[in-house]
Amino acid sequence: MHSEKKTITNVLILYLFSTFLLVSMVAFAYFRYEAEIYKNQIKFMSTKKAEQLHIELEKLHKSSDSDLTYPRYSDFESAIYDSNKNLIFSTEANHKKIDFSKELYKEDGFVYFIYSAKPYYLGAKYIVLKQKNISVFKNIGINILLLTLIVLFIIGLTSIFLVKLILKPLRENVNILDKFIKDTTHELNTPVSTILTNIEMIEQLPLDINMKTKLNRIKIASQSISNLYEDLVYITLNHNIQKKNEYVEISKIIEDRIEYFTLMFNSKNIEIVFENNGSMKLFIDKSNITRVVDNLLSNAYKYSKKNSVLKITSTEQLFKICDEGIGMDQSEIARIFERYTRFDTTVGGFGIGYNIIHSIINEYKLNIQINSQKGVGTCITIKK
Amino acid sequence: MYHYKKIVFFILLIGQNIFGSSFETNCLECHFAKEQLKMFLERYEEKYGSENDVKKAIFKYMKNPKKENSIMPSGFLKRFGVKEKSNLNDIALKKAIDIYYDTYNIKKKIK
């Protein structure tokens, strides 16, 4: 579920981002196009006004009247400049400096238009019109922005729907597989428990040595299955079960688990030496820490040589399990926490043990230290 | 006696150039119609625009009158031809042009 959400988010981000770029480009082009049209419109209107003014200037220029009144209009202010850009006349008392490099420009909310007149009536080469900016143009920008946002929103919704549609068959498969594993795991529990309880009941009966050996083998095999079952439960159900954290004395757990595995270790004639010099107290889920200890012990069992010694130490700060097994080199240690990593395929297991240990240790912020020498043995230390 | 007349004329000519208003004596003599002078300046302004450019153009034409330099329509030039070259010196001519421009320029009168 978690990875699915991540996939949806990633696809959504990628999709939305690329769409956003595309839509922005289109919007920008459209905006430029609209702006150009608007500019041309203003130019056209202003040119007409300037031409009108030019005609009036001609009349003034050629008039023989002594009364020379400059033509004034209600919708714009105007000024005339000679070919050296010197002001000849302006309808405004405080006329601002004009930028003659542009034909049309905006400044302080006014649109300035510079018309090059010919002939130069009254010596005026440039007719400058000053008009109020028309607010229609602002609306174009806002409309385009709104439209872009709406388009992006719709595309966002569509993409969520699309991703869900694409992932649907995949999710169904994963769900089926999950359900199968969960069901299988659950179905394993009852038979294994039945076998183990019945073995314990049979152990109470007087048996000959031959029979006892056979029964022990069955018990060891059942314990292996039980251990595997616990691992599978952790892996498949860990995220869904509620943790019951409590203060746990690790040395007690170790003692308990040693007793549980005694028969297994005896079968390989491995001697267990437990030095109990105090105990770590951890606030942890009991079944989780049991997983850690079980996996450490079962790994030690799997890789230990026959007739060797397994030394377990517990103090208030740490606990340590040292075996005399095949050992690992540095590259193997680096890969140890990867799931399905197995260094010796002749021994049983899936290679999920250390992966589980790693996940639990990370969850409770514990430290793990691995010292190993090829052919000599391995020491695993778990510290607070 | 003949020599005397010649000397007086010569002195008068120099005196006019140096002391009198070169515009009044040199231009108005022929171009006495005010409308005509106003029209000339109008045509100069239409073509050259700024005060500086107008004065330069008039000066150039006075120094070397040609059909190409003239602001008058070709029909007029065909009938009357171009005027004679001005025999005023540069300073006097410029002064005359300044007076002419100031007198007939209407820009300052715009309200």
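The values are calculated or read from the model by the stated rules, or taken from the named source; none is laboratory data. What you see is a predicted model, and the numbers here were worked out from it, not measured in a lab. Please note: Cβ atoms are built from the backbone with ideal geometry, for glycine as well, and neighbour counts cover all protein chains shown. In case anyone asks, the SASA skips ligands and DNA or RNA and just uses the protein heavy atoms, side chains included. Shrake-Rupley method; radii C 1.70, N 1.55, O 1.52, S 1.80 Å.
As an exercise, identify the GluC sites (Glu not before Pro) in segment A:25-101 lying in DSSP coil whose Cβ has no more than 14 other Cβ atoms within 10 Å.
A:E92
Normalised radius of gyration for segment B:50-97, please: alpha carbon Rg relative to 2.2 N^0.38 Å, two decimal places.
For segment B:50-97, the normalised Cα radius of gyration comes out at 1.19.
Under 5 Å between amide hydrogens, which residues at least 5 positions from A:S83 or on another chain qualify, with H placed 1.01 Å from N in the peptide plane?
Long-range HN contacts for A:S83: A:K125, B:S50.
How large is ³J(HN,Hα) for each residue in segment A:14-28, as worked out from phi by the Karplus curve 6.51 cos²θ - 1.76 cosθ + 1.60 (θ = phi - 60°), to whole Hz, x for Gly and Pro?
Running phi through 6.51 cos²θ - 1.76 cosθ + 1.60 with θ = phi - 60° gives 4, 5, 5, 5, 5, 5, 4, 4, 4, 4, 4, 4, 4, 4, 5 Hz.
Pop out a list of residues from segment B:77-111 that are at least 10 Å² less accessible with all the protein chains around than in their chain alone; 1.4 Å probe, no ligands or nucleic acids counted.
Correct list: B:I106, B:K107, B:K109, B:I110, B:K111.
For segment A:138-278, what is the convex hull volume of its Cα atoms per residue in Å³?
Normalising the Cα hull of segment A:138-278 by residue number yields 229 Å³.
Where does each of A:K182, A:K130, A:K48 land when they are ordered by accessible area, with a 1.4 Å probe and the largest first?
From most accessible down to least: A:K48, A:K182, A:K130.
Enter the per residue convex hull volume of chain A, computed from alpha-carbon coordinates, in Å³ rounded to the nearest integer.
Per-residue hull volume (Cα only) is 251 Å³.
Can you pull the mean other chain C-beta count within 10 Å for peptide A:62-75?
Per residue, the average neighbour count from other chains is 2.
Loop-only GluC sites (Glu not before Pro) in segment A:223-322, please: DSSP not H, G, I, E or B, and at most 15 other Cβ atoms within 10 Å.
A:E316
Using the alpha-carbon atoms, what tilt in degrees (0 to 90, nearest 10) does helix A:353-363 show relative to the longest principal axis of chain A?
The helix A:353-363 is inclined about 60 degrees to chain A.
Would you mind checking the radius of gyration and Dmax of segment A:243-383 based on alpha-carbon positions, in Å?
14.2, 40
Give, ordered by residue number, each residue of segment B:24-50 whose 1.4 Å probe accessible area is reduced by a minimum of 30 Å² on adding the remaining protein chains to the chain alone.
Relative to the lone chain, where solvent access is computed with a 1.4 Å probe, segment B:24-50 loses at least 30 Å² at B:K38, B:E42, B:E45, B:E46, B:G49, B:S50.
Would you mind working out the accessible area per residue for segment A:2-134, using a 1.4 Å probe, and quoting it in Å²?
Counting only protein heavy atoms, the per-residue value for segment A:2-134 is 61 Å².
Just to be sure I understand the curve: with the Debye formula and one point per C-alpha of segment A:1-103, what is log10 I(q)/I(0) at q = 0.14 Å⁻¹?
Here log10 of I(q) over I(0) equals -0.76.
So what's the gap between the Cα centers of segment A:155-212 and segment A:220-235, to the nearest angstrom?
Here the two parts' Cα centres lie 11 Å apart.
Considering Cα pairs under 8 angstrom that are at least six residues apart, work out the relative contact order of segment A:2-134 and quote it in whole percent.
Here the relative contact order equals 22 percent.
Using amide H atoms built in the peptide plane, which far-off residues or other-chain residues are under 5 Å from A:E107 H to H?
Here A:Y112 satisfy the definition.
Between A:F319 and residues 5 or more places away or on another chain, which pairs have amide H atoms under 5 Å apart, with H built 1.01 Å from N, and which residues are they?
A:I382
Just to confirm the number: angle between the C-alpha axis of helix A:250-267 and the first principal axis of chain A, 0 to 90 degrees, nearest 10?
That works out to roughly 60 degrees.
Mean-square fluctuation check for chain A, GNM, Cα pairs under 10 Å: which of A:L149, A:L87, A:L232 is largest?
Maximum among the listed residues: A:L87.
Would you mind getting the accessible area per residue of segment A:243-383, heavy atoms of the protein chains only, 1.4 Å probe, in Å²?
Heavy-atom accessible area per residue stands at 50 Å².
As a test of the definition: with a 1.4 Å probe, what buried accessible area, both sides summed, do you compute for B against A, in Å² to the nearest 100?
Buried: approximately 1500 Å² between A and B.
³J(HN,Hα) across segment A:95-106 via Karplus (A = 6.51, B = -1.76, C = 1.60, θ = phi - 60°), whole Hz, x for Gly/Pro?
Each residue of segment A:95-106 in turn: 8, 6, 5, 9, 8, 7, 6, 10, 7, 9, 8, 10 Hz.
Can you work out ³J(HN,Hα) from phi for every residue in segment B:41-50, in order, using Karplus 6.51 cos²θ - 1.76 cosθ + 1.60 and θ = phi - 60°, giving whole Hz and x for Gly and Pro?
In residue order, the calculated couplings are 5, 4, 5, 4, 5, 4, 8, 10, x, 6 Hz.
Give the residue list of trypsin sites (Lys or Arg not before Pro) in segment A:223-266 that are DSSP loop and have at most 10 other beta-carbon atoms within 10 angstrom.
The qualifying sites are A:K244.
Compute the angle between helix A:209-237 and the longest alpha-carbon principal axis of chain A, please, reported from 0 to 90 degrees and rounded to the nearest 10.
10 degrees
After finding the eigenvalues of the alpha carbon gyration tensor for segment A:16-58, what semi-axes result from the square roots of 5 times each, listed largest first in whole Å?
Equivalent ellipsoid of segment A:16-58: 41, 5, 4 Å, largest first.
Leaving ligands, DNA and RNA out of it, report the carbon-plus-sulfur percent of the accessible area of segment A:1-88 at a 1.4 Å probe.
61 percent
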